[in-house]
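Report on the structure given below.
The values are calculated or read from the model by the stated rules, or taken from the named source; none is laboratory data. Quantities reported herein were computed from a predicted structural model and do not represent experimental measurements. Neighbour counts are summed over all protein chains in view; Cβ atoms, including those assigned to glycine, are modelled from backbone coordinates with ideal geometry.
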């Protein structure tokens, strides 16, 4: 059979071999000495002019991290990471408080131009050719290695009382908010990488939506790793007060290097009564080359706390990059009638290893959660869904529905499902189903008999396979995600 | 980074003493098991496979090993056996941890079936039988199998000649006569030659509650052979850890069914390797739990051949403060194309304090397969209850009826493979055990 042209083309764009965001930029950087020590943490804290409590918090985390062991339970294999061979801080030299975009290093702006990220508000306002006034606008926080370079639309957001800035700025301007919420969802000692992040986190976004405000535009953060041998440790904190709503998008890329780089982020979401947070990720870190050399180790802790009644947190993720992904965006459904959602598409190719899933912890009454996970493995990759649904004793009438489907493309990849379902309340209704298959002959035959070529049929079926999740993405991301999800079917059909 | 010295619990210390006892010196299985157990101790919640069945916490102390049967007890056993003899059933008796040829119905054993005590087999140490007793590789790391290997006292090895279709069912009767709680460690094996067919029933009898038991059954199903196994676990043991390992050849069938209605801590684990093409595996069971019972069903099914089918279906009904656990893992090895695997665990929670933990896993390395699993957990549906009550049934009876039908679905499969002639009697037995459990529920 011939290769599936449409999908193959799409893959070319993202295939491990043809990673289009793999360019490097020569931008002078200010770096911390290599390795990890108390001094490096003091250095980072001093660079950011942090209050004493923040430094103490970091040092405490570091002391605890030293006593912890690297987790080994995930179905991923990699050589031991040498934590002393990483730069924990790297910042473009010219970013010391630029007042406007004009002061930002033009080289840096070029990077974002190449990545297609609009940083100039007027450009965004002007939009692309032919765009109408209704084109949704997106405020962007651009994080380059260890620091946030620029955050757009801050003034307009401020009019609505929305705070959207980098977490370093938030520490200067709203320390009381940061202090109140940081570590309240992901405690310092949560896990090995979260503790490491707590000690050395450098930047990330801070979002605060006041009571009753519906954030007027999509917020987004764009992460870029550029320097060699650096680790990126960002920390994002989103707080939605009573009745607030925010939709937040996150994207990421990195240059092609033959070394493995570490990205250990922590994301904390807090939703009060009736608040809703929608968090979408398109993760496209460099996945390594076709032989599995290089690529990003993406060890991320993401957790949302539905603290208030009737609050809702929805995670949507499209995972196509990274050599290794270790990521479980979770919801703690504390408030009565709160809702958690997790929609995920994980595509792995080449020698990528994905171990991802979610945790839904039902604590409040009448809480509900929904998990839709679609894994597609190709090449020599391994793709694992690992999830926990836990119904607490007091979570009367909790409801969960889980659906994990895996699609295998080729004979050398693996697809695995490891769900944990713990029910401690009899009134809970928990359903879990998982299937693993390749595109069935019946489906193909049906489509072909209706006049589609076999290439078109496969493209149609794959698109249908991931549709549930794509639908959950905000418009802007859905387009990008669809482009990313083209998968190489050469192994199975061509 | 951290060096932790393992603190041995009372139970672990007693077990170690038992393992090192010179009376077990003649057991060639012991050495490996002993090293593993002394090194790791009882499995606990940090051991992934025992996350929900923390034996270190559940097993506070180890009972003394079962001693010799007293003459009075023996006489009573002989009497009971005589009274309960049934046509078409050949009983093999394991009394207080030892296989008793004198009490077994060996006189009516068909010529194609050979029955030897495990002690004799171990004394001979024939390489092929020893390989059977080692089980498939997926089972080698299990700490309970190691503990059993280290402490095993006896068991029975059943061999069926190629092509022999055995109409009578073998019935392995485990009897404990001790009037105080003891521990028993037995291991048996079933080896079916090509094209052979055998049905095996297992049951447990004891006079007092509180015994601790590990039992391993190593099965080899030759090409084209059929093996069906049915177990009623109804004695009130303190700890019952039963393992079944199986290696299945080509065009073969294996079915195993277990009904658990009693026992404080019960874990039934299956490690099955599908080695030949076009074979069919069916693992089914029902767990009816009340009080503070804890029942764990753990399955590892390894597909390493083409066109095989596996079906796993377990139903749990959980009342009181009981805990149910289901862990099922289906592994499809590279190249095991056209595998068709389906696994389901359904649980009914009858009380507020009942708990169920489900962990159905898939590990798949071949692309042309259809594998799925489902797990559900919830209360009895109010709709059917309302229907039955509106037809005049009082609520307890309506519930009982729905529970019976929920569990009945798995019981119905008994007899599908090789126990055909006994199916009706067996199903009746299971049904009355279910009714007894329900009656007990109604009474409390």
Query raised in the report: What is the number of the single condition among (1) out of contact with any helix residue (DSSP H, G or I) (no Cβ under 6 Å at 6 or more places or on another chain); (2) in a loop (DSSP other than H, G, I, E, B); (3) away from chain A (no Cβ under 14 Å) that residue B:12 does not meet?
Result: (2)
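Can you find a residue that is buried (at least 18 other Cβ atoms within 10 Å of the Cβ), assigned to a loop (DSSP other than H, G, I, E, B) and either touching a strand residue (DSSP E or B) at 6+ places or on another chain (Cβ under 8 Å) or more than 14 Å from chain B (Cβ to nearest Cβ) (or both) anywhere in segment A:446-455?
Initial filter on segment A:446-455 (buried (at least 18 other Cβ atoms within 10 Å of the Cβ)): A:447, A:455.
Then keep just the ones that are assigned to a loop (DSSP other than H, G, I, E, B); that gives none.
Looking through segment A:446-455, none of the residues is buried (at least 18 other Cβ atoms within 10 Å of the Cβ), assigned to a loop (DSSP other than H, G, I, E, B) and either touching a strand residue (DSSP E or B) at 6+ places or on another chain (Cβ under 8 Å) or more than 14 Å from chain B (Cβ to nearest Cβ) (or both).
Yes/no per residue for (1) under 15 Å from the mean Cα position of the chain (by Cα); (2) modelled with pLDDT of 90 or more:
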site	(1), (2)
A:246	no, yes
A:250	yes, no
A:258	no, no
A:286	yes, no
A:292	no, no
Query - Breaking point among (1) under 27 Å from residue B:226 (Cα atoms); (2) surrounded by 15 or more Cβ atoms within 10 Å (Cβ to Cβ); (3) within 14 Å of another protein chain (Cβ to nearest Cβ), for residue B:399 - result: (1)
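Being in contact (Cβ under 8 Å) with a residue 24 or more places away in the chain, under 23 Å from residue B:282 (Cβ atoms), more than 9 Å from chain A (Cβ to nearest Cβ) and not in a helix (DSSP H, G or I) is true for just one of B:346, B:358. Which residue is that? It would help to see each step written out before you state the result.
On the way: B:358 fails: more than 9 Å from chain A (Cβ to nearest Cβ).
None of the others qualify; the one that does is B:346.
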Report summary line: Going through segment A:262-272 in order, the residues found to be within 25 Å of residue A:144 (Cα to Cα) and part of a strand (DSSP E or B) are A:262, A:263, A:266, A:267, A:268, A:269
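Out of B:133, B:92, which single residue is assigned by TED's automatic domain parsing to the domain that holds residue B:17 and in a helix (DSSP H, G or I)?
B:133
Checking the condition more than 9 Å from chain A (Cβ to nearest Cβ), over 14 Å from residue B:52 (Cβ atoms) and without any contact (Cβ under 8 Å) to a residue 60 or more places away in the chain, which residue from B:340, B:368, B:319 passes?
On the way: B:368 fails: more than 9 Å from chain A (Cβ to nearest Cβ); B:319 fails: without any contact (Cβ under 8 Å) to a residue 60 or more places away in the chain.
Answer to the check: B:340.
Which ranges mark the helices (runs of 4 or more DSSP H) fully within segment A:154-259 that have 2 or more residues being within 23 Å of residue A:315 (Cβ to Cβ)?
Numbers: elements: A:154-159, A:167-173, A:175-181, A:192-200.
Qualifying helices (runs of 4 or more DSSP H): A:167-173, A:175-181, A:192-200.
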Query raised in the report: Given A:125, A:108, A:101, which one is in contact with a helix residue (DSSP H, G or I) (Cβ under 9 Å, 6 or more places away or on another chain), modelled with pLDDT under 80 and over 23 Å from residue A:201 (Cβ atoms)?
Result: A:101
Query - Given (1) surrounded by 13 or more Cβ atoms within 10 Å (Cβ to Cβ); (2) at pLDDT below 95; (3) out of contact with any helix residue (DSSP H, G or I) (no Cβ under 6 Å at 6 or more places or on another chain), index of the condition residue B:107 fails - result: (1)
Query raised in the report: From the list B:409, B:363, B:382, which residue is more than 23 Å from the chain's Cα centre (by Cα) and over 30 Å from residue A:378 (Cβ atoms)?
Result: B:382
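Applying the selection to segment A:429-443, what residues are in a loop (DSSP other than H, G, I, E, B) and within 7 Å of another protein chain (Cβ to nearest Cβ)? Break it down into steps so the answer makes sense when it comes.
Kept after step one, since they are in a loop (DSSP other than H, G, I, E, B), are these residues of segment A:429-443: A:438-440.
Across segment A:429-443, the qualifying residue is only A:438.
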Requested in this report: State whether one or more residues within segment A:44-55 are under 23 Å from residue A:263 (Cβ atoms), part of a loop (DSSP other than H, G, I, E, B) and modelled with pLDDT of 65 or more.
Outcome: yes
Report task. Sort out which residues of segment A:273-306 are on the phi < 0 side of the Ramachandran plot and assigned to a loop (DSSP other than H, G, I, E, B), and write them in order of number. Result -> A:273, A:275, A:284, A:285, A:286, A:287, A:289, A:290, A:291, A:293
Query - Tally of residues being more than 8 Å from chain A (Cβ to nearest Cβ) and either surrounded by 18 or more Cβ atoms within 10 Å (Cβ to Cβ) or not in a helix (DSSP H, G or I) (or both) across segment B:371-387 - result: 2
Report task. Mind listing whichever residues of segment A:462-475 are more than 30 Å from residue A:216 (Cα to Cα) and surrounded by fewer than 17 Cβ atoms within 10 Å (Cβ to Cβ)? Result -> A:463, A:464
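Please find, within segment A:456-475, the residue that is farthest from the other protein chains (Cβ to nearest Cβ) out of those that are touching a residue at least 60 places away in the same chain (Cβ under 8 Å) and more than 27 Å from the chain's Cα centre (by Cα).
Start the filter on segment A:456-475 by keeping residues that are touching a residue at least 60 places away in the same chain (Cβ under 8 Å), which leaves A:456, A:458-459, A:462, A:465-466, A:468-470, A:472-475.
In the following step, the residues that additionally are more than 27 Å from the chain's Cα centre (by Cα) were identified as A:456, A:458.
Values: A:456: 21, A:458: 13 Å.
Selected residue: A:456.
If you check residue A:422 against the conditions, is it in a strand (DSSP E or B) and either over 18 Å from residue B:366 (Cβ atoms) or within 9 Å of chain B (Cβ to nearest Cβ) (or both)?
Working: in a strand (DSSP E or B): yes; either over 18 Å from residue B:366 (Cβ atoms) or within 9 Å of chain B (Cβ to nearest Cβ) (or both): yes.
It is true that residue A:422 is in a strand (DSSP E or B) and either over 18 Å from residue B:366 (Cβ atoms) or within 9 Å of chain B (Cβ to nearest Cβ) (or both).
Take the conditions over 15 Å from residue B:257 (Cα atoms), part of a strand (DSSP E or B) and either modelled with pLDDT under 95 or under 15 Å from the mean Cα position of the chain (by Cα) (or both) and apply them to residue B:317. Does it pass? Can you show your working first?
Numbers: over 15 Å from residue B:257 (Cα atoms): yes; part of a strand (DSSP E or B): yes; either modelled with pLDDT under 95 or under 15 Å from the mean Cα position of the chain (by Cα) (or both): no.
Against the criterion (over 15 Å from residue B:257 (Cα atoms), part of a strand (DSSP E or B) and either modelled with pLDDT under 95 or under 15 Å from the mean Cα position of the chain (by Cα) (or both)), residue B:317 does not qualify.
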Query - Selection from segment B:289-314 of residues that are away from chain A (no Cβ under 14 Å) and assigned to a loop (DSSP other than H, G, I, E, B) - result: B:291, B:292, B:293, B:304, B:305, B:307, B:308
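Yes/no per residue for (1) in the same structural domain as residue B:129 (by TED's automatic domain parsing); (2) in a strand (DSSP E or B); (3) within 9 Å of the chain's Cα centre (by Cα):
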{"position": "B:209", "(1), (2), (3)": "yes, no, no"}
{"position": "B:215", "(1), (2), (3)": "yes, yes, yes"}
{"position": "B:224", "(1), (2), (3)": "yes, no, no"}
{"position": "B:235", "(1), (2), (3)": "yes, no, no"}
{"position": "B:272", "(1), (2), (3)": "yes, yes, no"}
Requested in this report: Grab the strands (runs of 3 or more DSSP E) fully contained in segment A:329-393, keeping just those with 3 or more residues being without any contact (Cβ under 8 Å) to a residue 40 or more places away in the chain.
Outcome: A:339-348, A:368-377, A:382-391
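Residue-by-condition table, conditions (1) surrounded by 11 or more Cβ atoms within 10 Å (Cβ to Cβ); (2) at pLDDT below 90:
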| site | (1), (2) |
| --- | --- |
| B:4 | no, yes |
| B:12 | yes, no |
| B:20 | yes, yes |
| B:32 | yes, yes |
| B:35 | yes, yes |
| B:42 | yes, no |
| B:46 | no, yes |
| B:51 | yes, no |
| B:65 | yes, no |
Query raised in the report: In this structure, is residue A:373 facing chain B (nearest Cβ under 10 Å) and either modelled with pLDDT of 90 or more or closer than 18 Å to residue B:318 by Cα (or both)?
Result: no
Requested in this report: Taking residue B:188 as meeting all but one of (1) in a loop (DSSP other than H, G, I, E, B); (2) touching a strand residue (DSSP E or B) at 6+ places or on another chain (Cβ under 8 Å); (3) within 21 Å of residue B:81 (Cβ to Cβ), write down the number of the exception.
Outcome: (1)
